[in-house]
Amino acid sequence: MSGLPPETDVLIVGGGVAGVALADQLAAEGVEVVLVERGELNREASGTNAGSMHLQIAIHQLTAFDTADVADRLRDETRLAAEAARLWHALDAELGGGLELHVTGGLMVAETEEQLRLLHDKQRIEQAAGLETHVLEGDELRGVAPYLARTVIGATSCPLEGHVNPLVAVPLLARRAAERGALIRTHAEVTAIEPRGAAGGAPFQVSTVAGTIVARRLVNAAGAWARELGELVGLRMPLRRMGLHVNVTEPRDRLLTPLIQHIGRRLTLKQSANGTFIIGGGWPARPEEPPRRYSTTWDSAAGNADVAVSVVPALADVRVVRTWSGVMAWTDDISPIAGESRRVPGYHALVVGSSGYTLSPMLARRLAEHLIGTGPPLPPEYSPDRTTAAEPART
């Protein structure tokens, strides 16, 4: 792989879906852009998730905020999710259907009266935000999803939910970005960032194992490793890494069409085009010392499968044939970290934790519009300058 050019307008650090989507958007507008990735593209969170398109409000969003504006925040996030779904459709059409986008609809299930109340509460917020959802109960639910256990007393249906193939989306977007003029360099881990402008801002001299480059503007799209990259310029963003576990079963005849989620238990479940069931939902994987990756655990494999069987009993005799682990960035307040730092001018972040695969292309478009001067800054609550509640901001 060739080295780096001496300088660029925008340098993006991170070769996952957020980084390549941003490179693609900027290159399409004629912006000089270089993307560097420490390993290979799509090897971390973007290539090890299940590719689900989550649009409904999830339990962690409902419980994340203990403030009066929670409904307003959730309406805004739901509007963004609906907009993100439309963008995935547009991208798939532009790429000739290569993203393997499947709009299957989704069901978020409840097994207790309290969980059912949450379904009704969130459905009102989703309706106000313009996302079509319906609460199903009783015979209506059984008619739609006869495979659900009798313990499931209700479900919210969302016709727009589905999934893409995470193994092909990033490579396709990266190829188009390169065709549009973006320069992509792998095996170029960043080792130092030196702000060289007034008040410690842009431009930035960035040292990598593949060489040094000066960037007028820099975007941290390093996902689960974005906190370490932020610390190179004195920012301590409220991020932590989470290892996630996924089960895959043998193929069976078609049973499920929609994506299944749970409002109160850790479960996502779908049946792929080849008939296998992909079972996830945020069960933890074990951290390992670098360069080893997160490893799977028996407790997560068994616990995740147990929840799946309790919700869809027909899975009881389906064999799990492989497991894998991934890693994701998780923000303390659930919101993305996206936009420009006021404390380090010219330094931007694009890190999407919860529903990262769903939202990344949309937030990349919003950030691209801001970078080229055609759009407003991203919401202040997404600022890379924010810290954890227990940690005061440093000046």
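Things to note:
- The C-beta contact set for segment 374-395 (first residue at pLDDT 90 or above and among the polar types (S, T, N, Q), second residue part of a helix (DSSP H, G or I) and surrounded by 10 or more Cβ atoms within 10 Å (Cβ to Cβ), distance under 9 angstrom, 6+ apart or interchain) comprises 374/368.
- Taken across segment 174-182, residues that are modelled with pLDDT under 95, under 26 Å from the mean Cα position of the chain (by Cα) and part of a loop (DSSP other than H, G, I, E, B) do not occur at all.
- Any chance residue 41 is of a type in the set (A, V, I, L, M), farther than 30 Å from residue 245 by Cβ and out of contact with any Leu (no Cβ under 7 Å at 6 or more places or on another chain): no
- Residue check: residue 125 meets all listed conditions (1) among the hydrophobic types (A, V, I, L, M, F, W, C); (2) in contact with a Lys or Arg (Cβ under 7 Å, 6 or more places away or on another chain); (3) within 21 Å of residue 310 (Cα to Cα) but one, namely (3).
- Here residue 365 passes the criteria (1) under 21 Å from the mean Cα position of the chain (by Cα); (2) under 24 Å from residue 231 (Cβ atoms) except the one numbered (2).
- Reported count of residues in segment 50-97, each being at pLDDT 90 or above, in a loop (DSSP other than H, G, I, E, B) and more than 17 Å from the chain's Cα centre (by Cα), is 2.
- Residue among 321, 312 that is buried (at least 20 other Cβ atoms within 10 Å of the Cβ), in the same structural domain as residue 152 (by TED's automatic domain parsing) and either more than 26 Å from residue 239 (Cβ to Cβ) or more than 21 Å from the chain's Cα centre (by Cα) (or both): 312
- Condition met for residue 127 (surrounded by 14 or more Cβ atoms within 10 Å (Cβ to Cβ), free of Cβ contacts under 8 Å to residues at least 12 places away in the same chain, in a helix (DSSP H, G or I) and out of contact with any Cys (no Cβ under 6 Å at 6 or more places or on another chain)): yes
- Scanning segment 131-170 for residues that are assigned to a helix (DSSP H, G or I) and surrounded by fewer than 15 Cβ atoms within 10 Å (Cβ to Cβ) gives 138, 139, 140, 142, 143, 167.
- Members of segment 279-322 that are acidic (Asp, Glu) and within 23 Å of residue 111 (Cα to Cα): 299, 306, 317
- Neighbours by Cβ (under 7 Å, 6+ apart or cross-chain): first from segment 13-42, farther than 17 Å from residue 358 by Cα; second part of a loop (DSSP other than H, G, I, E, B) and polar (S, T, N, Q): 37/186; 39/186; 40/186; 41/186
- Screening segment 98-113 for residues that are surrounded by 18 or more Cβ atoms within 10 Å (Cβ to Cβ) and at pLDDT 95 or above and picking the one that is farthest from residue 52 (Cα to Cα) gives 111.
- Some residue of segment 184-192 being under 15 Å from residue 344 (Cβ atoms) and in contact with a Phe, Trp or Tyr (Cβ under 8 Å, 6 or more places away or on another chain): no
- The condition (being in contact with a strand residue (DSSP E or B) (Cβ under 6 Å, 6 or more places away or on another chain) and in a strand (DSSP E or B)) is satisfied by just one residue among 107, 26, 116: 107.
- Scanning segment 34-46 turns up at least one residue that is in a helix (DSSP H, G or I), surrounded by 22 or more Cβ atoms within 10 Å (Cβ to Cβ) and at pLDDT below 90.
- Residue count for segment 199-217 satisfying the condition of being in a strand (DSSP E or B) and in contact with a strand residue (DSSP E or B) (Cβ under 7 Å, 6 or more places away or on another chain): 11.
- Reported count of residues in segment 171-208, each being among the β-branched types (Val, Ile, Thr), surrounded by fewer than 20 Cβ atoms within 10 Å (Cβ to Cβ) and touching a residue at least 24 places away in the same chain (Cβ under 8 Å), is 1.
- Considering only residues in segment 230-252 that are surrounded by fewer than 18 Cβ atoms within 10 Å (Cβ to Cβ) and touching a Gly at 6+ places or on another chain (Cβ under 6 Å), the one that is farthest from residue 331 (Cα to Cα) turns out to be 252.
The values are calculated or read from the model by the stated rules, or taken from the named source; none is laboratory data. This is a predicted model, so every value here is computed, not measured. When we count neighbours, we look across all protein chains shown, and the Cβ atoms used for this are built from the backbone with ideal geometry, even at glycine.
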